[in-house]
Amino acid sequence: MRGYNCDRFYKVRKAEFEKDHLEYRTLTEDDPNFIDDYLFLIDQSRQDIVTKLEEIKGIIEKGELRNVEFQGLTAVMFGRHLYQPLVYVSSGVIEVKPVPLNEGERDFVVDLGRHCSQNKDFFDGKELYLLRNMSRGRGIGFFEAGNFYPDFILWLLVDEKQYINFIDPKGLRNLKGPDDPKIAFYKTIKSIEDDLRSQDSMITLNSFIVSNTRLPEVGWWDGGMTKEQFEERHVLFQQEDKSTYIEKMLRMAVT
């Protein structure tokens, strides 16, 4: 228990120190979150994969953004992501660096792209941009939530307002419960927003967990919380609400 109390004391004091040093910064082309090149490691005999990678490169250069799947490799091309492509791998034949999307992350980007193409009226007068957030050392992390590095940053620009949303598609099984720092971050980030309000009062910050674990499969869930109560904590269920969770998230973001 002493170790826990010491750790908690350190985190509280560090958060107090960082509170006065937070600032908004403009995203620039040299931000570490941008990927210029992927490194694909494959057996030298797999010329078919090399040919497909050259094809994907040509598609991007021509601006013909469409998803390409081949031999367990998926190039996910979402036009509102700030670089192309995102990569998902489901085969041991191909190794990719930097780390590719996992299944939940891939599904989120595909679902978001589908929603954007099917609900164009919603985006009249709005701009949406997405960026995959890298992990420790390169991405944006939050010490307040236990060194939490959300997988995506989503900007929604409405008139003069900017809604910045930190989104993490993940399973809930390994979280500690509804008060886990990653879930509770939906409240913590509002404190950060308040601290930064003097820099720019037109920015709203939000945090969302997109659960790829179905609610009945969450080990620590005892039925005491409804799905609606999870949603109040900005936890949305990717599988149960496949056709609606993106709409819910965007609506909650601007509320």
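Remarks
- Of all residues in the range 214-229, those that are in contact with a Leu (Cβ under 7 Å, 6 or more places away or on another chain) and assigned to a helix (DSSP H, G or I) total 1.
- Filter result for Asn174 (out of contact with any Pro (no Cβ under 8 Å at 6 or more places or on another chain) and either part of a loop (DSSP other than H, G, I, E, B) or outside the structural domain of Glu240 (by TED's automatic domain parsing) (or both)): yes
- Sole residue being among the charged types (D, E, K, R) and over 19 Å from Glu105 (Cβ atoms), chosen from Asp168, Asp151, Asp159: Asp159
- Within this structure, Glu18 fails the test of being surrounded by 12 or more Cβ atoms within 10 Å (Cβ to Cβ) and either modelled with pLDDT of 95 or more or among the small types (Gly, Ala, Ser) (or both).
- Identity of the residue in the range 115-149, of a type in the set (Phe, Trp, Tyr) and closer than 26 Å to Ile183 by Cβ, that ends up modelled with the lowest pLDDT: Phe143
- Members of the range 143-167 found to be within 21 Å of Asn102 (Cα to Cα) and of a type in the set (A, V, I, L, M, F, W, C), listed by number: Phe148, Phe152, Ile153, Leu154, Phe166, Ile167
- 2 or more residues hydrophobic (A, V, I, L, M, F, W, C), in contact with a Ser or Thr (Cβ under 8 Å, 6 or more places away or on another chain) and at pLDDT 95 or above: qualifying strands (runs of 3 or more DSSP E) within the range 51-105: 86-89
- The residues of the range 191-213 that are part of a loop (DSSP other than H, G, I, E, B) and within 18 Å of the chain's Cα centre (by Cα), listed by number, are Asn212, Thr213.
- Scanning the range 234-255 for residues that are surrounded by fewer than 18 Cβ atoms within 10 Å (Cβ to Cβ), in a loop (DSSP other than H, G, I, E, B) and not β-branched (Val, Ile, Thr) yields Gln239, Glu240, Asp241, Lys242, Ser243.
The values are calculated or read from the model by the stated rules, or taken from the named source; none is laboratory data. Computed from a predicted structure; not experimentally measured. All Cβ positions, glycine included, derive from the backbone under ideal geometry; neighbour counts span all protein chains shown.
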